[in-house]
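Undergrad: The following block contains the structure, expressed as structure tokens.
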Amino acid sequence: MLNGIGAPGIILLVILALLLFGPNKLPELGRAVGRTFREFKDGAREIISEPEAAKKSEAPMPAAPQTMAAEPPQDKRLPE
């Protein structure tokens, strides 16, 4: 991912970040980014594990009786 940047590019990015945010603001900014990534990962894990838990806890529902005549499936695409 960072193969094309190299050491001079990283040094330039660090200097640019110091100039934009200042040395006092960088640790706070890093903590906020880390917290955001952690919340994203936790949410993604919760979403991934949710269908597995739902499959285990749900009992199969009985089939509903077909009272209406079979209709052709409706096209649910958006118009172009």
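Undergrad: Regarding the range 5-13, can at least one residue be identified that is part of a loop (DSSP other than H, G, I, E, B), open to solvent by less than 90 Å² (accessible area, probe 1.4 Å) and of a type in the set (Val, Ile, Thr)?
TA: yes
Undergrad: Could you tell me which numbered condition Ala44 fails, if it satisfies all but one of (1) over 19 Å from the mean Cα position of the chain (by Cα); (2) surrounded by 10 or more Cβ atoms within 10 Å (Cβ to Cβ); (3) of a type in the set (A, V, I, L, M)?
TA: Ala44 satisfies every listed condition except (1).
The values are calculated or read from the model by the stated rules, or taken from the named source; none is laboratory data. From a predicted model like this one, the values you see are computed outputs, not experimental measurements. Positions of Cβ are generated from backbone atoms using ideal geometry, with glycine treated the same way; all protein chains shown enter the neighbour counts. Accessible surface is based on the protein model in full, side chains and every heavy atom, while ligands, DNA and RNA are left aside. Shrake-Rupley method; radii C 1.70, N 1.55, O 1.52, S 1.80 Å.
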